[in-house]
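Asks: First the structure, then my questions, so here it is.
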Amino acid sequence: MDTLATLALNREGGFQELRGGSLGVRLATTEEEIRAAQALRYRVFFDEMGAHPSEEALRTRLDSDKFDEIADHLLVVDHALGSGGASVVGTYRLLRSDSLGEGGRFYTADEYDISCLTDFSGRLLEVGRSCVARDYRGRAAMQLLWRGIASYIFLHRIDVLFGCASLHGTSPDTMSDELTWLYHNHLAPPALRVRALPERYVDMCRVDPATLDRRTCINKLPPLIKGYLRLGGYVGDGAVVDEQFNTTDVAVLVKSELLADKYYRHYERRLKDALD
């Protein structure tokens, strides 16, 4: 079981695979593995969730864009399925600010004004394109993804994690309760409050917050957004409708120490309990 202490010793050696039974989480190391992640994204986003593929995506059955070339691709692999691309059952795209190059932009900047983050002197990590194969959508795979992200931000000394998280569908009125609840309970502080671009801005305050039931609103949220909130995450100001991906997006932000502290406390406690 890796702990914060052992990761500190391995920082110069790069990202080390973390295991949980037959599953492991690690970074893609070959073009074959990146293509496998893109193929998984296509199956989940386009085949399952109703996103609208471009002609190229339809032809290749890959979800790919220019950001894939400069990002790291976090993979959940099932060693019982073999090795290489055949073993990829989950993925998360990780893009560090120091990988952008001069004049580079984050994907999130297509939907949000993120200048409050990019003007910040700390290290940023944009996360996105998260998905897990249908047969693996349980606690084990998601916990491994979170452990992987926690390790990654520790190894790369990330200060703020951010990205777009999606609610399924393109009609904000059908998710009025969830959007209103997020705005009134998890709005980012001013220093981190990214805002949807004016031409894409959708008001999140859609109903009287006094009428909302907390448990009902939380239960309606996608698991990924609930995961960010459990880590003490925030949302930005304004939602964005993404017609291509058949989603309504919200910006999410997490101070990295919250993620690392919570996850490593959790796993170190489990290790201690096992040894006592």
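The values are calculated or read from the model by the stated rules, or taken from the named source; none is laboratory data. Quantities reported herein were computed from a predicted structural model and do not represent experimental measurements. Every residue, glycine among them, receives a Cβ derived from its backbone with ideal geometry; neighbour counts consider all protein chains shown.
Asks: Consider S87 against the criteria (1) among the polar types (S, T, N, Q); (2) in contact with a strand residue (DSSP E or B) (Cβ under 8 Å, 6 or more places away or on another chain); (3) surrounded by fewer than 19 Cβ atoms within 10 Å (Cβ to Cβ): it satisfies all of them except one. Which criterion is unmet?
Replies: Result: S87 fails condition (3) only.
Asks: May I pose another question? Failed condition for E55, given (1) modelled with pLDDT of 95 or more; (2) charged (D, E, K, R); (3) under 22 Å from the mean Cα position of the chain (by Cα); (4) over 20 Å from L145 (Cα atoms), with all others met?
Replies: Of the numbered conditions (1) modelled with pLDDT of 95 or more; (2) charged (D, E, K, R); (3) under 22 Å from the mean Cα position of the chain (by Cα); (4) over 20 Å from L145 (Cα atoms), the odd one out for E55 is (3).
Asks: Something else: When the range 96-109 is examined, which residues are found to be under 22 Å from A239 (Cα atoms) and in contact (Cβ under 8 Å) with a residue 12 or more places away in the chain?
Replies: Within the range 96-109, F106, Y107, T108 meet the criteria.
Asks: Could you run through the range 186-204 and say how many residues are surrounded by 15 or more Cβ atoms within 10 Å (Cβ to Cβ) and without any contact (Cβ under 8 Å) to a residue 40 or more places away in the chain?
Replies: Going through the range 186-204 one residue at a time, the tally reaches 1.
Asks: State all residues of the range 18-46 that are in contact (Cβ under 8 Å) with a residue 12 or more places away in the chain, of a type in the set (S, T, N, Q) and either touching a Gly at 6+ places or on another chain (Cβ under 6 Å) or surrounded by fewer than 21 Cβ atoms within 10 Å (Cβ to Cβ) (or both); if no residue qualifies, say none.
Replies: S22, T30
Asks: Right, something else. Is it true that some residue in the range 228-235 is over 15 Å from the mean Cα position of the chain (by Cα) and not hydrophobic (A, V, I, L, M, F, W, C)?
Replies: No - not one qualifying residue is present in the range 228-235.
Asks: Follow-up. Check the range 169-178 and report whether any residue there is surrounded by 19 or more Cβ atoms within 10 Å (Cβ to Cβ), over 20 Å from the mean Cα position of the chain (by Cα), within 28 Å of G50 (Cβ to Cβ) and without any contact (Cβ under 8 Å) to a residue 60 or more places away in the chain.
Replies: No; the residues of the range 169-178 include none that is surrounded by 19 or more Cβ atoms within 10 Å (Cβ to Cβ), over 20 Å from the mean Cα position of the chain (by Cα), within 28 Å of G50 (Cβ to Cβ) and without any contact (Cβ under 8 Å) to a residue 60 or more places away in the chain.
Asks: State which residue is modelled with the highest pLDDT when the search covers only the range 204-231 and only residues that are in contact with a strand residue (DSSP E or B) (Cβ under 7 Å, 6 or more places away or on another chain) and not in a helix (DSSP H, G or I).
Replies: M204
Asks: With respect to E126, is the statement that it is of a type outside the set (K, R), modelled with pLDDT of 95 or more, under 13 Å from the mean Cα position of the chain (by Cα) and surrounded by 15 or more Cβ atoms within 10 Å (Cβ to Cβ) true?
Replies: Judged against the criteria, E126 is a match.
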